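The structure appears below as structure tokens.
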Amino acid sequence: MKFKKKQKVEVLEGDLTPMIDMTFQLIAFFMLLINFSKVDRAEDILLPKSVLAVPPEERPDYQIILNLQPDGSVVFAGQPIPEISTMDPIFRQEVNNASRENVAVSDIAVIIRSHEKTATGVVQELIARCQKNELENFKLRVKDEAY
């Protein structure tokens, strides 16, 4: 009677290294995405309240978010700009960026987040400066009175 020797059975294991690498890349991507989305919002801006506030129907193709402080300074992309009169180069750059993305000037939305204690004349000055640079689509952000 002949006995056969038992053959070694190898257990095959999958290599998890690529999956772990992809997980870390996704985590890094979402961390960057979250940080960039908060740059446009100045947390010290207290929006005025309004009962007539209507949420936007859809997000514009290209938007410029301006945070207007009570002292008349503007925060754009996380950077404070002390004078509204010095914003012309920024507006021209944004118009150029939009044109590179095939967005017409008329489709650029200027979103003004003004502090509730900012004088109306300062908001009008900012709008006039935008209009001087061919930007004419404005959206004023307010806090809904219901909330």
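Restricting attention to the range 48-58, does a residue exist that is outside any loop (DSSP other than H, G, I, E, B), touching a strand residue (DSSP E or B) at 6+ places or on another chain (Cβ under 9 Å), under 16 Å from K139 (Cβ atoms) and modelled with pLDDT of 85 or more? No: zero hits.
How many of the residues in the range 89-126 are closer than 19 Å to Y62 by Cα, aliphatic (A, V, I, L, M) and either in contact with a strand residue (DSSP E or B) (Cβ under 8 Å, 6 or more places away or on another chain) or touching a residue at least 60 places away in the same chain (Cβ under 8 Å) (or both)? Count: 10. Can you name the residue in the range 59-89 that is part of a strand (DSSP E or B) and β-branched (V, I, T) and, of all such residues, is farthest from the chain's Cα centre (by Cα)? So, considering only residues that are part of a strand (DSSP E or B) and β-branched (V, I, T), the one farthest from the chain's Cα centre (by Cα) is I81. Set side by side, the residues F30, F3, F36 differ, and just one is farther than 30 Å from F138 by Cβ, outside any loop (DSSP other than H, G, I, E, B) and modelled with pLDDT under 85, which is F30.
Residue-level check: of (1) at pLDDT below 85; (2) loosely packed, with under 12 Cβ neighbours inside 10 Å; (3) under 21 Å from D71 (Cα atoms), A128 misses just (1).
The single condition among (1) closer than 15 Å to V75 by Cα; (2) of a type in the set (S, T, N, Q); (3) surrounded by fewer than 13 Cβ atoms within 10 Å (Cβ to Cβ) that S106 does not satisfy is (1).
The values are calculated or read from the model by the stated rules, or taken from the named source; none is laboratory data. Nothing here was measured: the structure is a model prediction, and the numbers come from that model. All Cβ positions, even for glycine, are placed from backbone atoms using ideal geometry, and neighbour counts span all protein chains on display.
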